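Everything below concerns the one structure shown next.
The values are calculated or read from the model by the stated rules, or taken from the named source; none is laboratory data. Fair warning: this is a prediction, and the values are worked out from it, not measured in the lab. Cβ coordinates were reconstructed from backbone atoms using ideal geometry, including for glycine residues, and neighbour counts include every protein chain displayed.
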Amino acid sequence: MSRYALVFALLISTAACGQQEAPEMTDQDAAATAMGDLRSPSAADARIFFANLENGDTVSSPFNVEFGLEGMDVVPAGTEQEYSGHHHLIIDQDELPALDMPIPADSLHVHFGKGQTSTELALSPGQHTLQIVLGNHLHIPHDPPVVSEKITITVE
Ligand SMILES: [Cu+2]
């Protein structure tokens, strides 16, 4: 049930944002302040990557995916600690979700809120894209965002 509760909470918060009249904005900082910027700063040398997969790889499903993170710490969702976050796996998306609000939670935006650094993934045969985004204690990408290379793999 917790995933549904999270989705519901996100829908509510998105709806609430949509109802607010956006003030006249002169620059990005003003906009972020007006919206209540809940992003956390990322470390300057932060790097996120697939530790066991490369762009162009062919795998058979199910397969293991290992998340690599350097320069920051992996902590469970809800843990507010400087220069830390948890992994989100973005599957088959042309564009990243909004980088200034909680990452959606569904089968193609998977949260690893217990601080997991790997997962077993089952995907249909064919080409798929994978990308990792680090999120803070509130599931919001950092500033600047910590985003991996987007890789394309072939599932046999
Ligand atoms: Cu999350």
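Counting only residues that are under 15 Å from residue 155 (Cβ atoms) and among the small types (Gly, Ala, Ser), the stretch 108-129 holds 3 of them.
Would a scan of the stretch 128-137 turn up a residue that is at negative phi, within 14 Å of the ligand (Cβ to nearest atom), surrounded by 15 or more Cβ atoms within 10 Å (Cβ to Cβ) and small (Gly, Ala, Ser)? Checked against the condition, which is being at negative phi, within 14 Å of the ligand (Cβ to nearest atom), surrounded by 15 or more Cβ atoms within 10 Å (Cβ to Cβ) and small (Gly, Ala, Ser), the stretch 128-137 yields at least one hit.
Run down 153, 132, 90 and say which single residue is β-branched (Val, Ile, Thr), part of a strand (DSSP E or B), in contact (Cβ under 8 Å) with a residue 24 or more places away in the chain and out of contact with any Phe, Trp or Tyr (no Cβ under 9 Å at 6 or more places or on another chain). After applying the criteria, what remains is 90. Does residue 122 satisfy being over 17 Å from the mean Cα position of the chain (by Cα), closer than 19 Å to residue 144 by Cβ and more than 16 Å from the ligand (Cβ to nearest atom)? Spelling it out, it is not the case that residue 122 is over 17 Å from the mean Cα position of the chain (by Cα), closer than 19 Å to residue 144 by Cβ and more than 16 Å from the ligand (Cβ to nearest atom). Cβ-Cβ distances below 7 Å connect the following pairs, each with a first residue in the stretch 100-125 that is over 16 Å from residue 79 (Cβ atoms) and in a loop (DSSP other than H, G, I, E, B), a second residue that is basic (Lys, Arg) and more than 10 Å from the ligand (Cβ to nearest atom), and a separation of six or more residues or different chains: 100/39; 105/3. Of all residues in the stretch 77-96, those being more than 10 Å from the ligand (Cβ to nearest atom), surrounded by fewer than 17 Cβ atoms within 10 Å (Cβ to Cβ) and under 12 Å from residue 139 (Cα atoms) number 2.
Would you please name the residue that is surrounded by the most Cβ atoms within 10 Å (Cβ to Cβ), looking only at residues in the stretch 97-119 that are within 10 Å of the ligand (Cβ to nearest atom), under 18 Å from residue 146 (Cβ atoms) and of a type in the set (A, V, I, L, M, F, W, C)? By that ranking, first place goes to 103. Here residue 22 meets the list (1) in contact with a helix residue (DSSP H, G or I) (Cβ under 8 Å, 6 or more places away or on another chain); (2) of a type in the set (Gly, Ala, Ser); (3) modelled with pLDDT of 50 or more almost entirely, failing just condition (3). All of (1) surrounded by fewer than 15 Cβ atoms within 10 Å (Cβ to Cβ); (2) modelled with pLDDT under 95; (3) not basic (Lys, Arg) hold for residue 32 with one exception: (1). Go through (1) outside any strand (DSSP E or B); (2) out of contact with any helix residue (DSSP H, G or I) (no Cβ under 8 Å at 6 or more places or on another chain); (3) within 15 Å of the ligand (Cβ to nearest atom); (4) under 17 Å from residue 147 (Cα atoms) and name the single condition residue 53 misses. If we test residue 53 against (1) outside any strand (DSSP E or B); (2) out of contact with any helix residue (DSSP H, G or I) (no Cβ under 8 Å at 6 or more places or on another chain); (3) within 15 Å of the ligand (Cβ to nearest atom); (4) under 17 Å from residue 147 (Cα atoms), just (3) comes out false. Look at the stretch 48-74: where a residue is more than 14 Å from residue 112 (Cβ to Cβ) and a partner is aromatic (Phe, Trp, Tyr), sitting 6+ places away or on another chain with Cβ atoms under 6 Å, you get 72/83.
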